[in-house]
Amino acid sequence: MRKVKEFIIEKLIFLSGLASIFFVVLIFLFLMKEGLSVFKTISFPDFIGGNKWYPISEPAQLGIKPLILGSLLVTLGAAIISIPIGIGCAIYIAEVAPKKLKEFLKAGIELLAAIPSVVLGFVGMVTLVPFVKSIFHLPTGLTAISGSIMLAFMAMPTIVSIAEDALYSVPKIYKEGALALGATHWQTIYRVMLPASSSGILAAVMLGIGRVIGETMAVMMITGNAAVIPTSILQPVRTLTATIAAEMGEAVVGSEHYFALFAVGIVLFVISFAINVTADIFLHGERK
Amino acid sequence: MVTKINIKNLNIWYGNSPAIKNLNIQILANEILTVIGPSNSGKTTFLRMLNRLNELELSFKMKGLVEIDGKDITKIDVELLRKKVGMVFALPLPLPLSIFDNVAYGPRMHGIKNKNKLMEISEKALKEAYLWDEVKDRLSTSAFKLSGGQQQRLCIARTLAVEPDIILFDEPCSGLDPISTAKVEEAMVRLKEHYTIVLVTNNVKQAARVGDRTAFFLSGELIEVDKTQKMFTAPFDQRTDDYIRGIFG
């Protein structure tokens, strides 16, 4: 009887373990099946490299270069803003802040992570967008830079909490060793703590970027959604994610447009996957 | 002999639990003071107080006077104090850099940039740590290629490169084999010519081998301090005798 029970539990756990990978494979297969169909009508280079995204014109023009560049521009902007602030914040929390302030700041960071992206997008739309419009004297504030600033807020919690963990897990003896040589606090942080935790910090950055590139709601609300090749960060852009979210509802099932959106999904999947794998390589590097 | 370190009525607590109780001791210039005692006796606290590394613990509290060369250490700039009072840790802790860069690390941090000057300092420090002959042909190879004993002597050289007066050793041989231990001990004995050395060790025999004087700590109290030879032949206190003979601890 006990053996039977043991057997059943073992198998149940085994199935739960398989479930995660099973769903990933299913989603992946579905994405591939639908997405790859688009290449019956358009070649791969024309799809990736085409300058025009007019999916409902006749004939449909399905070049996603403006979307890819839009995503990359917004992400790059967000990275430039969030990486220095995020790492600085992590250093402050891990090394400098007094204990009570540290707890307070950590709670604040967690709270920031808990804000739904649509709420952030909404707040950005009514505060940040007019601000960007007036400060740069633009015809519209719905620009790539508004999206970058907003997404920087969303990447911050990821970057801060993982980088802080990485700094915290540097063996105490490293820090003491540096201090015992007469290093100042900042010299210890800069020359010992940061290099020792560099792989964890890089992973934090990659995961932060991964979060940004996959974000949909906030960017859709505040980047203006113009599918043109961006020439400046002060222009409206459209990202890969926003395109799928905005157009999937109106695309006719089985149409070229519909398949193209799935193919956009594949591109997005490949980018996020690459970022996550990179982050994972860095994290594993740290464990060695 | 000149008094190098003077400690008067020192009490240390972590939170509410006392770690050092009413300590009075003088450490003389150019001697090796070995500190022995079971764990929780306060010997490591004693050592880490001398370069104020204890202050990293938030619950650390200290009362009393600690003077080095007649100056109250709490009134010296802490980086200067730690430059003057070097420390070698229990685990050899080479940085993931070349042998040369490891030794030059401290001087560089204190602002020396001239390559020749750095080379000069490193050579001197490596010679003093009795490592020079073993590494002089491969200064640019990674410090991780060295054996455990060599790594520990590298750490000694790194400490020496900052040009301290006093060197604190915190169980420097706890992870080393007997032959490496012998080399580190040899280095320590020769170093006392130019430096004052405080050695905390769990190895009673090591204390007997290298110490000029030995201090025995128990539960935060200094039980006795005396010439090493006297301590190991005719200790004053019964508890010291018991500890040395291995009856407890």
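Here region A:217-259 and region B:209-249 have alpha carbon centers that stand 79 Å from each other.
With N the number of residues in region B:20-114, Rg(Cα) / (2.2 N^0.38 Å) evaluates to 1.26.
Counting neighbouring Cβ atoms within 10 Å and putting the fewest first, the residues A:Phe7, A:Phe262, B:Phe217, A:Phe39 line up as A:Phe7, A:Phe39, A:Phe262, B:Phe217.
Each peptide in B:101-109, B:65-73, A:247-255 was scored by the mean count of other Cβ atoms within 10 Å over its residues; highest first, the order is B:101-109, B:65-73, A:247-255.
Between helix B:99-109 and chain B there is an angle of about 70 degrees, using the helix long axis and the longest principal axis of the Cα atoms.
Excluding same-chain neighbours fewer than eight residues apart, the aspartates and glutamates reachable from B:Lys4 by a Cα-Cα span under 13 Å are B:Glu31, B:Glu67, B:Asp69, B:Asp72, B:Asp165.
In order along region B:45-61, the Karplus-derived 3J(HN,Hα) couplings, from 6.51 cos²θ - 1.76 cosθ + 1.60 at θ = phi - 60°, round to 4, 4, 5, 6, 6, 5, 10, 6, 6, 4, 5, 5, 6, 5, 8, 5, 9 Hz, and Gly and Pro are given as x. Convex hull volume per residue, computed on the Cα atoms of the protein assembly as shown, equals 249 Å³. Ranked for footprinting exposure by Cβ neighbours inside 10 Å, fewest first, A:His257, A:His137, B:His110 give A:His137, B:His110, A:His257.
Within the shell of other residues whose beta carbon sits under 9 angstrom from the beta carbon of A:His257, the net charge comes to -3, with Lys and Arg scored +1 and Asp and Glu -1. For chain A, complete DSSP H runs whose alpha carbons reach 20 Å or more along their own long axis and whose mean Kyte-Doolittle score is 0.5 or higher are A:2-36, A:65-91, A:144-168, A:198-214, A:256-287. Take each peptide in A:97-108, A:42-53, count the other Cβ atoms within 10 Å of every residue, and average; sorted highest first, the result is A:42-53, A:97-108.
In terms of the mean number of neighbouring beta-carbon atoms within 10 Å, the peptides B:111-117, B:134-140 order highest first as B:134-140, B:111-117. Taking every C-alpha pair closer than 8 Å and separated by at least 6 residues, the mean separation divided by the residue count of region B:1-99 gives a relative contact order of 32 percent. Shielding by partners for peptide B:48-55, expressed as the average number of C-beta atoms from other protein chains within 10 Å of each residue's C-beta, is 2.
For the pair A:Thr140 and A:Phe122, label points projected 7 Å from Cα toward Cβ lie 2.2 nm apart. Here the label points at A:Val4 and A:Val277, each 7 Å from Cα along the C-beta direction, are separated by 4.7 nm in the simple model. Taking Lys and Arg as +1 and Asp and Glu as -1, the other residues whose beta-carbon sits under 14 Å from that of B:Val35 total -4. The Cα atoms of chain A give a gyration tensor whose axes a ≥ b ≥ c have a/c of 1.5 or more with a/b no greater than b/c, which makes the shape oblate. Placing a label point 7 Å from the Cα of A:Phe39 along the Cα-to-Cβ direction, the residues of region A:250-280 whose backbone N falls under 16 Å from that point are A:259-271. Listed by chain and number, the aspartates and glutamates whose C-alpha is less than 15 Å from the C-alpha of A:Lys106, apart from same-chain residues fewer than 8 away, are A:Glu95, A:Glu164, A:Asp165. In percent, rounded to a whole number, the relative contact order of region B:151-249 is 19, using alpha-carbon pairs under 8 Å and six or more apart.
With 32 Å as the limit, the listed pairs A:Lys172/B:Lys127; A:Lys100/B:Lys71; B:Lys145/B:Lys230; B:Lys71/B:Lys205; B:Lys84/B:Lys136; B:Lys43/B:Lys115 have A:Lys100/B:Lys71; B:Lys145/B:Lys230; B:Lys71/B:Lys205; B:Lys43/B:Lys115 beyond it between alpha carbons.
As a length-normalised measure over Cα pairs under 8 Å and 6 or more apart, the relative contact order of region B:3-244 settles at 28 percent. Counted by neighbouring Cβ atoms within 10 Å, the residues A:Thr278, A:Thr143 run from fewest to most as A:Thr278, A:Thr143. Cross-link partners of A:Lys52 among lysines, defined as those whose alpha carbon lies under 30 angstrom from its own and excluding same-chain residues fewer than eight positions apart: A:Lys33, A:Lys40, A:Lys65, A:Lys133. Averaged over the residues of B:154-167, the number of partner chain Cβ atoms lying within 10 Å of the residue Cβ comes to 1. Specify whether the C-alpha gyration tensor of region B:76-184 places it in the rounded, prolate or oblate class, a ≥ b ≥ c being the square roots of the eigenvalues: rounded for a/c under 1.5, otherwise prolate if a/b is larger than b/c and oblate if not. Note, shape of region B:76-184 comes out oblate. Please work out whether region A:1-94 counts as rounded, prolate or oblate from its C-alpha gyration tensor, where a ≥ b ≥ c are the square roots of the eigenvalues and a/c under 1.5 means rounded, while otherwise a/b larger than b/c means prolate and anything else oblate? Note, shape of region A:1-94 comes out oblate.
Each reported figure results from applying straightforward, stated rules to the coordinates on display, with no laboratory input. In this text the structure is predicted, and so the values were computed from the model without any measurement. Note that each Cβ is placed from the backbone with ideal geometry, even for glycine, and that neighbours are counted across all protein chains shown.
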